[in-house]
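I have placed the structure first, in the form of structure tokens, so that the comments after it can refer back to it.
The values are calculated or read from the model by the stated rules, or taken from the named source; none is laboratory data. None of the values given here were measured: they were computed from a predicted structure. Counting neighbours? That spans all protein chains shown, and the Cβs are built from the backbone with ideal geometry, glycine included.
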Amino acid sequence: MARRSSSDVATEVRRAIEHGTFRRFERLPASRQMAETYGVARNTLRDALYQLEKEGLLETRAGSGTYVTAPSEAGVPHAVSEATPLELIDARFALEPHICRLFILQARREDFETLETLCQEMEASATDPTAFAEADTAFHKALASATRNSLLIWLIDQINAVRTLDEWLRMRQLTLDESIISHYNVQHREILNALRSREPERAASKMKDHLETARLSLTRAAET
């Protein structure tokens, strides 16, 4: 059996948070118990939880433990459960270009490091649509988390809830091939480069280009 990585564990814990297994403000089980549950060494678990903390999903409190800071997606609002993939993209058009501007104002060194790690994960997943989609979602969530704006973070969480719905998963299967993943990876790199260069309008423009590509891909798939 292949050894499980910290990324594998982070994905499972992230899903547990999204599905309400671990709820907001709840303390996670002791690290020894979690390491046994996920079948990994404690240092692997620690790396996984650190990744989720950088994404804004967890918070470690000295002498107390690790707590969930993001709300679960259990009981998503009707507007979310009924949203189509195209509505998702349109909502992202309204928010994410400006999130890029706010990122430049608020981001810390570790936020850039998180985006770099996620870019590398996406680039390593050119032939794995599921792994790419998980890292892609985490990339856009990390952008929002770096703004330190709790309302924007909540809104992006609601938008991302659409990605767990059956219609979105079906469209993902239709659209995510190796060619489009490679194109998305180039666009993610362009966004990150603009952020690093502290060029807010270029970053916003690159995000618009990326979302336009996604919208066109979804539109074509919907017509098939």
Qualifying residue in segment 183-193 (condition: in a helix (DSSP H, G or I) and out of contact with any helix residue (DSSP H, G or I) (no Cβ under 9 Å at 6 or more places or on another chain)): yes
3 or more residues in contact (Cβ under 8 Å) with a residue 24 or more places away in the chain and surrounded by 15 or more Cβ atoms within 10 Å (Cβ to Cβ): qualifying helices (runs of 4 or more DSSP H) within segment 78-128: 85-106, 109-123
Only listed residue being at pLDDT below 90 and polar (S, T, N, Q), chosen from THR130, THR66, THR114: THR130
GLN187 vs. criteria in contact with a His (Cβ under 9 Å, 6 or more places away or on another chain) and of a type in the set (S, T, N, Q): yes
Top-ranked residue in segment 9-45 [being closer than 21 Å to CYS119 by Cα and touching a residue at least 24 places away in the same chain (Cβ under 8 Å); ranked as surrounded by the fewest Cβ atoms within 10 Å (Cβ to Cβ)]: GLU12
Failed item in (1) surrounded by 20 or more Cβ atoms within 10 Å (Cβ to Cβ); (2) under 29 Å from ASP209 (Cβ atoms); (3) at pLDDT 85 or above; (4) not charged (D, E, K, R), with ALA48 passing the rest: (2)
